[in-house]
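Novice: To start, I am sharing the structure in question, which I have written as structure tokens.
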Amino acid sequence: MDILFVFLLFASFMVVMFSGFPIAFVLGGVAVLFAALGTLLDAFSVDADMASLRMIGFVANRIFDTLSSYSLIPISMFVFMGMMLDKSGVAERLLTRMHQVLRVVPGGMAVSVVLIGVVLAASTGIIGASVVLLATIAMPAMRGAGYDDRLGLGVVGATGCLGILIPPSIMLIVMGDQLQIPVGDLFRGAMVPGLLLALAYVAYAVFVALRYPDRAPAKPIEPGRELREVVLDLIGSLVAPLLLVIAVLGSIVFGIATPTEASGVGAAGATLIALMSKRLTWSGFREVCESTGTTTAFLFALIFGASCFSVVLRGYGGDELIENALHAIPLPPTGTLILILFIVFLLGFFLDWMEIILIVAPLVLPVLTALGHDPAWVAILMAICLQTSFLTPPVGMALFYLKNAVPDVEITHIYRAVLPFVAMQIGILVLTLLVPKLALW
Amino acid sequence: MQIVIALIEGFIIRVGKIGALFLPLLMLTILVNVTSRYAFGIGSIELEELQWHLNAVAVMSCLAWTYQQDAHVRVDAFHVKMSATQKAIVELCGVVFLLLPFLWFVTDSAWTIFGYSWRLKEGSPMPSGLPARYIIKFVMAAGLSLLALQAVAIALKSILFLFGPKTYKD
Amino acid sequence: KGTRLDIQSAWPLTMPASGANAAYLGETLNESSGGSLDVTVYGAGKLVPSLQIFDAVQQGTLDAGITSPLYVAGRFPAVQLFGGIPFGPDAITHTAWLYDGGGREIWSEIYAKQGVVTIPCGLMDSEAGGWYNFEINTVDDFKGKKVRFAGLAGEAMVKVGASIVLLPGGEIYPGLEKGLIDGTELSMPAIDITLGLQQVGKYYYLPGWHQPAAMNELIVNQAKWDSLDASQQALIEESCKAVNLESITSTMALNAKAVAEFEAAGVEIKSFPPEVLEHLHAAFDEVIAEQTSKDADFKRVWESLTAYRASVAPWAERR
Ligand code: NA
Ligand code: NA
């Protein structure tokens with residue numbers, strides 16, 4: 001009985017979502033309708049766990065908790081930093097110059113995007129900022145260079161997600177808090193899998209360029225320029241972004257700022273860079289504030305909607321369903337771990353990482369540690385799984401950011417573009433599963 | 001009716017634009033907090049709490065404006081292929097059957113939460129934290145109400161488009 | 001089917017004492033009510049965020065919650081004294097004050113005005129004095145130090161020259177590691193160990209002056225409470241007493257094991273010198289003077305506590 005309602009809840013959400021009404025409102029609205037259904041059925045004494053309209057009363061409490069969360073401040077600050085860097089033209093210059101150096105490499109522009117993405121990932125803790133920034137600077141450039149959108153969107157989306165795995169990372173901070181694992185261990189453990197992913201993306205871009213030259217055409221060498229000159233140019237344009245990374249990472253490493261505050265330091269640094277590049281006007285500044293405001297608002301709206309949805313899901317016994325499934329199937333320790341990762345992966349199709357961490361992690365971690373698995377390793381595996389969930393349709397934050405930043409592509413095109421990258425992420429996940437040393441060193 | 005819509009939307013734009021300016025204030029607050037702690041060894045509970053207060057104001061005041069600008073994310077696989085009339089139907093149905101029911105319950109309890117906090121003159125649970133926590137609870141309730149207002153405006157626009165005088169469509 | 005009672009816990013159900021208490025209460029009520037109660041206990045954040053439990057119970061969206069009165073200090077400053085008092089009495093005397101010395105009556109009175117019933121539920125043993133990366137030999141050692149300290153004790157720390165940094169749970173470890181903070185108060189060793197601070201903290205001070213004992217609470221919506229019959233009410237009341245016993249006995253060995261593990265990890269276990277405690281006590285007296293002049297209820301609770309402590313001193317101080 002319970003399983004029927006949980007299934008119906010997810011199914012209705014999926015169907016209604018394809019109407020094209022904003023997802024945040026679909027999440028909230030469908031949940032409220034199901035809560036009303038629960039209240040109605042309860043009057044007929046249907047014997048099952050039911051959500052009720054009374055539970056919707058929790059949603060405003062949860063919204064207030066989200067608003068008062070200190071840990072969510074980096075969302076707005078890192079987006080601000082991204083928008084500001086975009087305004088300053090620094091990132092754009094970096095991309096074009098890096099591409100000039102890498103023009104000898106097949107798919108050089110895509111490779112440049114990945115490299116810049118790694119640098120950004122090391123300075124931001126959320127995916128939104130990197131995806132928006134990468135998309136705004138790299139998509140026009142890649143299109144100009146004749147790159148196929150499918151490769152471009154995939155590289156930008158996947159690379160933008162590295163920020164959540166490569167420290168500092170808000171997701172790892174929230175995970176450490178929820179699972180009570182030292183964040184330092186998680187940061188260290190996520191480093192290698194994160195870099196391996198970047199490596200895989202580079203390899204993929206090179207492979208596509210070699211196999212399908214029309215999707216990533218080689219750029220002709222600019223006449224009359226020495227390689228030395230180009231490299232010096234690149235170094236020159238690396239100074240500002242590197243200083244920014246040092247400011248953000250350095251303030252964390254040297255105990256000057258918390259990872260949360262580092263986002264504010266980054267935003268201020270980007271503003272300074274923009275001021276020095278003399279491209280920042282008062283109206284440009286207002287624009288940065290306003291687009292950061294709307295981007296942050298749509299993100300929080302999704303959290304609000306997902307929060308409402310997960311309360312109703314709990315009302316219909318969704319939690320117990322997962323828990324019982326875990327206990328009902330007798331599996332060896334590794335089997336249970338894989339099953340749980342699979343569930344996390346599946347939930348990632350529908351729910352946001354924060355909801356998954358809140359729903360699943362506290363449920364399954366005790367089960368897994370009891371089976372003898374290292375909690376930090378399990379957490380890293382889950383983190384890789386969750387970072388995949390940013391990219392899996394239909395609900396993937398990175399996909400939404402991408403859509404938001406490149407409005408002229410359909411979301412289904414984005415869905416198709418990220419598939420090979422999701423496959424690579426699953427590959428790295430399996431690798432970390434087979435070689436725990438990658439996360440535990 | 002169109003005047004009403006214009007008034008509502010004009011107000012929401014103004015709130016959004018002012019709210020967005022709280023973001024650089026947040027950035028400055030973080031800088032001041034970090035500097036005073038690192039350079040002078042002064043930690044401040046007030047400044048730490050002020051950070052999420054400012055963030056909350058920015059988010060809630062941009063929420064409705066974001067819908068007006070159509071910046072909330074959609075799965076537009078079918079949406080992009082729809083005619084203007086079909087889109088108006090989706091928007092009208094979505095507002096009436098999804099968004100307004102959601103906001104009806106949530107906004108109601110948000111105002112209840114604000115009212116209770118106001119009656120108690122609630123402050124931070126930390127003795128030297130910021131007073132007047134009800135201000136932020138007011139911001140939450142007001143932001144949700146503004147979103148409801150914007151939803152009504154969009155529903156009205158859809159109705160005008162679908163059933164109104166032909167001149168409106170142009 | 002029995003009367004439904006949904007209880008939201010403020011802590012993960014796996015957390016020693018505070019969280020485990022909620023799970024224990026749920027099981028006890030379900031088993032011993034013979035089906036007359038149908039209790040569901042939700043882990044932290046499942047329905048309502050921990051800091052909003054009181055509001056949800058007050059408004060009746062939630063039947064009941066297991067939480068700490070410290071969490072509503074911004075709404076009712078007086079009740080934080082029930083939840084744990086710097087330089088307060090030990091667990092036995094604290095409980096005796098609540099049950100036998102009039103503490104509970106005032107607590108219930110304050111909440112009754114809000115339409116909330118409160119039952120002491122979750123007696124906690126002394127907290128540890130916290131993790132520090134500097135040695136505390138004189139009170140001046142606190143000067144200019146950044147510490148993470150909550151509530152009234154935090155105010156006292158400010159008065160001796162420290163400054164307070166509030167960090168969310170996940171940022172404590174990197175904060176202490178990188179020197180963003182020089183020290184932090186947390187909880188009892190059995191709970192502290194889950195944060196792994198033994199890897200980054202140099203000194204662990206025992207015992208904690210800031211909270212020699214604490215009492216958590218079961219809060220129930222008044223209308224919900226009134227809808228229960230006398231036997232159900234009595235069962236809940238008595239089960240909470242069982243929770244108090246279970247809570248304090250279940251952590252004795254766990255705390256010992258945790259401290260031993262800290263030592264094995266190379267942490268130096270120290271205790272605050274008497275001179276330091278004297279200064280902190282004086283600072284705390286100033287804090288209390290400020291609070292009692294600000295809030296009438298606070299004054300009332302404080303006077304009830306001091307009167308009770310004085311009345312039992314001939315025995316309690318000599319035990
Ligand atoms: Na990162
Ligand atoms: Na997903």
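Novice: Quick check on residue A:174: is it within 12 Å of ligand 1 (Cβ to nearest atom) and either open to solvent by 30 Å² or more (accessible area, probe 1.4 Å) or farther than 21 Å from residue A:274 by Cα (or both)? Explain how you work it out, then say what you get.
Specialist: Working: within 12 Å of ligand 1 (Cβ to nearest atom): no; either open to solvent by 30 Å² or more (accessible area, probe 1.4 Å) or farther than 21 Å from residue A:274 by Cα (or both): yes.
Answer is no for this residue.
Novice: Give me a count of the residues in the range B:27-41 that are surrounded by fewer than 16 Cβ atoms within 10 Å (Cβ to Cβ) and of a type in the set (Val, Ile, Thr).
Specialist: From the range B:27-41, those surrounded by fewer than 16 Cβ atoms within 10 Å (Cβ to Cβ) are B:28, B:32, B:35-36, B:39-41; that's our starting set.
Going one step further and asking which of them are of a type in the set (Val, Ile, Thr), we end up with B:32, B:35.
Residues that pass the stated criteria total 2.
Novice: I've got another one for you. If residue B:48 satisfies all but one of (1) at the interface with another protein chain (Cβ under 7 Å from one of its Cβ atoms); (2) surrounded by fewer than 19 Cβ atoms within 10 Å (Cβ to Cβ), what's the number of the condition it fails?
Specialist: Failed condition: (2).
Novice: Can you tell me which residue is farthest from the other protein chains (Cβ to nearest Cβ) among those in the range B:92-113 that are surrounded by 23 or more Cβ atoms within 10 Å (Cβ to Cβ) and over 12 Å from residue A:59 (Cα atoms)?
Specialist: Across the range B:92-113, the extreme among qualifying residues is B:95.
Yes or no, residue by residue, for (1) over 30 Å from residue A:204 (Cα atoms); (2) in contact with a Gly (Cβ under 9 Å, 6 or more places away or on another chain):
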{"residue": "A:6", "(1), (2)": "yes, yes"}
{"residue": "A:22", "(1), (2)": "yes, yes"}
{"residue": "A:37", "(1), (2)": "yes, no"}
{"residue": "A:55", "(1), (2)": "yes, yes"}
{"residue": "A:63", "(1), (2)": "yes, no"}
{"residue": "A:68", "(1), (2)": "yes, no"}
{"residue": "A:89", "(1), (2)": "no, no"}
{"residue": "A:103", "(1), (2)": "no, no"}
{"residue": "A:111", "(1), (2)": "no, no"}
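Residue-wise test of (1) at pLDDT 80 or above; (2) open to solvent by 10 Å² or more (accessible area, probe 1.4 Å); (3) within 16 Å of ligand 1 (Cβ to nearest atom).
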position: A:343; (1), (2), (3): yes, yes, no
position: A:376; (1), (2), (3): yes, yes, no
position: A:380; (1), (2), (3): yes, no, yes
position: A:385; (1), (2), (3): yes, no, no
position: A:389; (1), (2), (3): yes, no, no
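Novice: Those residues that are out of contact with any Gly (no Cβ under 7 Å at 6 or more places or on another chain) and either among the charged types (D, E, K, R) or within 15 Å of ligand 2 (Cβ to nearest atom) (or both), I need them from the range A:155-170; list them, please. Show your work before the answer.
Specialist: First, the residues of the range A:155-170 that are out of contact with any Gly (no Cβ under 7 Å at 6 or more places or on another chain): A:155-158, A:161, A:164, A:167.
The answer is A:157, A:158, A:161, A:164.
Novice: Checking the structure you have, find out if any residue of the range A:307-316 is away from chain B (no Cβ under 14 Å) and not in a helix (DSSP H, G or I).
Specialist: Checked against the condition, which is being away from chain B (no Cβ under 14 Å) and not in a helix (DSSP H, G or I), the range A:307-316 yields at least one hit.
Novice: Still on this structure, please answer the following. Of the residues that sit in the range C:159-183 and are at the interface with chain A (Cβ under 7 Å from one of its Cβ atoms) and of a type in the set (Asp, Glu), which one is surrounded by the most Cβ atoms within 10 Å (Cβ to Cβ)? Talk me through it step by step, then tell me what you get.
Specialist: To start, the set of residues in the range C:159-183 that are at the interface with chain A (Cβ under 7 Å from one of its Cβ atoms) comprises C:167-171, C:173-175, C:177-180.
Among the residues that remain, those that are also of a type in the set (Asp, Glu) are: C:171, C:177.
Details: C:171: 24, C:177: 19.
Checked the range C:159-183; the qualifying residue surrounded by the most Cβ atoms within 10 Å (Cβ to Cβ) is C:171.
Novice: Grab the helices (runs of 4 or more DSSP H) fully contained in the range B:95-170, keeping just those with 1 or more residues being closer than 30 Å to residue C:53 by Cβ. Show your work before the answer.
Specialist: Details: elements: B:100-120, B:134-163, B:166-169.
Of the helices (runs of 4 or more DSSP H) lying wholly inside the range B:95-170, those with at least 1 residues that are closer than 30 Å to residue C:53 by Cβ span B:100-120, B:134-163.
Novice: Sticking with this structure for a sec: From the list C:38, C:6, C:55, pick out the single residue that is open to solvent by 10 Å² or more (accessible area, probe 1.4 Å), within 14 Å of chain A (Cβ to nearest Cβ) and in contact with a helix residue (DSSP H, G or I) (Cβ under 8 Å, 6 or more places away or on another chain). Working first, answer last.
Specialist: On the way: C:6 fails: in contact with a helix residue (DSSP H, G or I) (Cβ under 8 Å, 6 or more places away or on another chain); C:55 fails: open to solvent by 10 Å² or more (accessible area, probe 1.4 Å).
Result: C:38 is the single residue among C:38, C:6, C:55 that is open to solvent by 10 Å² or more (accessible area, probe 1.4 Å), within 14 Å of chain A (Cβ to nearest Cβ) and in contact with a helix residue (DSSP H, G or I) (Cβ under 8 Å, 6 or more places away or on another chain).
Novice: Is it true that residue A:364 is in contact (Cβ under 8 Å) with a residue 12 or more places away in the chain and within 14 Å of ligand 2 (Cβ to nearest atom)? Walk me through it before giving the result.
Specialist: Working: in contact (Cβ under 8 Å) with a residue 12 or more places away in the chain: yes; within 14 Å of ligand 2 (Cβ to nearest atom): no.
Against the criterion (in contact (Cβ under 8 Å) with a residue 12 or more places away in the chain and within 14 Å of ligand 2 (Cβ to nearest atom)), residue A:364 does not qualify.
Novice: Restricting attention to the range A:144-171, which residues are within 27 Å of residue A:364 (Cβ to Cβ) and either basic (Lys, Arg) or within 14 Å of ligand 1 (Cβ to nearest atom) (or both)?
Specialist: Restricting attention to the range A:144-171, the residues satisfying the condition of being within 27 Å of residue A:364 (Cβ to Cβ) are A:158, A:161-171.
Matches in the range A:144-171: A:161, A:162, A:163, A:164, A:165, A:166, A:167, A:168, A:169, A:170, A:171.
Novice: For the range B:53-80, enumerate the residues that are in contact with a helix residue (DSSP H, G or I) (Cβ under 6 Å, 6 or more places away or on another chain) and farther than 20 Å from residue A:305 by Cα.
Specialist: Residues satisfying the conditions are B:53, B:54, B:77.
Novice: Now for a different question. Can you find a residue that is touching a residue at least 12 places away in the same chain (Cβ under 8 Å), within 18 Å of residue B:132 (Cβ to Cβ) and among the polar types (S, T, N, Q) anywhere in the range B:62-83? Steps first, please.
Specialist: We begin by selecting, within the range B:62-83, every residue touching a residue at least 12 places away in the same chain (Cβ under 8 Å); these are B:62-68.
So of that shortlist, the ones also within 18 Å of residue B:132 (Cβ to Cβ) come out as none.
Checked against the condition, which is being touching a residue at least 12 places away in the same chain (Cβ under 8 Å), within 18 Å of residue B:132 (Cβ to Cβ) and among the polar types (S, T, N, Q), the range B:62-83 yields no hits at all.
Novice: On the given criteria, is residue A:287 more than 18 Å from residue A:80 (Cα to Cα), surrounded by fewer than 18 Cβ atoms within 10 Å (Cβ to Cβ) and either more than 9 Å from every other protein chain (Cβ to nearest Cβ) or at pLDDT below 90 (or both)? Don't jump to the end; show me each part of the working.
Specialist: Values: more than 18 Å from residue A:80 (Cα to Cα): no; surrounded by fewer than 18 Cβ atoms within 10 Å (Cβ to Cβ): yes; either more than 9 Å from every other protein chain (Cβ to nearest Cβ) or at pLDDT below 90 (or both): yes.
Taking the combined requirement at face value, the residue does not satisfy it.
Novice: Which of the residues belonging to the range A:63-87 are part of a helix (DSSP H, G or I) and within 7 Å of another protein chain (Cβ to nearest Cβ)? Even if it seems obvious, please write down each step before you answer.
Specialist: Step one: list which residues in the range A:63-87 are part of a helix (DSSP H, G or I), which gives A:63-67, A:70-87.
The answer is A:63, A:64, A:65, A:67, A:70, A:71, A:73, A:76, A:77, A:80.
Novice: Further question: Considering only the range B:54-76, state which residues are in contact with a Phe, Trp or Tyr (Cβ under 8 Å, 6 or more places away or on another chain) and more than 7 Å from every other protein chain (Cβ to nearest Cβ).
Specialist: Answer for the range B:54-76, where residues must be in contact with a Phe, Trp or Tyr (Cβ under 8 Å, 6 or more places away or on another chain) and more than 7 Å from every other protein chain (Cβ to nearest Cβ): B:54, B:57, B:61.
Novice: With respect to residue C:76, determine if the residue is in contact with a His (Cβ under 9 Å, 6 or more places away or on another chain) and open to solvent by 10 Å² or more (accessible area, probe 1.4 Å). It would help to see each step written out before you state the result.
Specialist: Numbers: in contact with a His (Cβ under 9 Å, 6 or more places away or on another chain): no; open to solvent by 10 Å² or more (accessible area, probe 1.4 Å): yes.
Here the answer is no, as residue C:76 does not meet what is asked.
Novice: For the range A:396-411: of the residues being within 14 Å of ligand 2 (Cβ to nearest atom) and farther than 25 Å from residue A:195 by Cα, which is least open to solvent (accessible area, probe 1.4 Å)? Even if it seems obvious, please write down each step before you answer.
Specialist: Residues of the range A:396-411 that are within 14 Å of ligand 2 (Cβ to nearest atom), as a first pass: A:396-403, A:411.
Applying the additional criterion that residues be farther than 25 Å from residue A:195 by Cα yields A:403, A:411.
Values: A:403: 32, A:411: 0 Å².
Filtering first and then ranking leaves A:411.
Novice: Further question on the same structure: Can you tell me which residues in the range A:243-282 are at the interface with another protein chain (Cβ under 8 Å from one of its Cβ atoms), surrounded by fewer than 24 Cβ atoms within 10 Å (Cβ to Cβ) and closer than 15 Å to residue A:133 by Cβ?
Specialist: If the condition is that a residue be at the interface with another protein chain (Cβ under 8 Å from one of its Cβ atoms), surrounded by fewer than 24 Cβ atoms within 10 Å (Cβ to Cβ) and closer than 15 Å to residue A:133 by Cβ, then A:271 is the only one that fits.
Novice: Scan the range B:14-21 and give yes if some residue there is under 30 Å from residue C:181 (Cα atoms) and open to solvent by 60 Å² or more (accessible area, probe 1.4 Å), otherwise no.
Specialist: Initially, the range B:14-21 is screened for residues under 30 Å from residue C:181 (Cα atoms), giving none.
Within the range B:14-21, not a single residue is under 30 Å from residue C:181 (Cα atoms) and open to solvent by 60 Å² or more (accessible area, probe 1.4 Å).
Novice: Considering only residues that are in contact with a Pro (Cβ under 7 Å, 6 or more places away or on another chain) and acidic (Asp, Glu), which ones fall in the range C:259-311?
Specialist: Residue satisfying the conditions is C:295 alone.
Novice: Cβ-Cβ distance below 8 Å, separation of 6 or more or different chains: which pairs start in the range A:97-123 with a residue that is within 14 Å of another protein chain (Cβ to nearest Cβ) and end on one that is open to solvent by less than 10 Å² (accessible area, probe 1.4 Å) and more than 16 Å from ligand 2 (Cβ to nearest atom)?
Specialist: Hits for this filter: zero, empty list.
The values are calculated or read from the model by the stated rules, or taken from the named source; none is laboratory data. Source: prediction; values computed, not measured. For neighbour counting, all protein chains shown are included, and Cβ atoms are generated from backbone atoms with ideal geometry for every residue, glycine included. Side chains included, ligands, DNA and RNA excluded: accessible areas come from the protein's heavy atoms. Shrake-Rupley method; radii C 1.70, N 1.55, O 1.52, S 1.80 Å.
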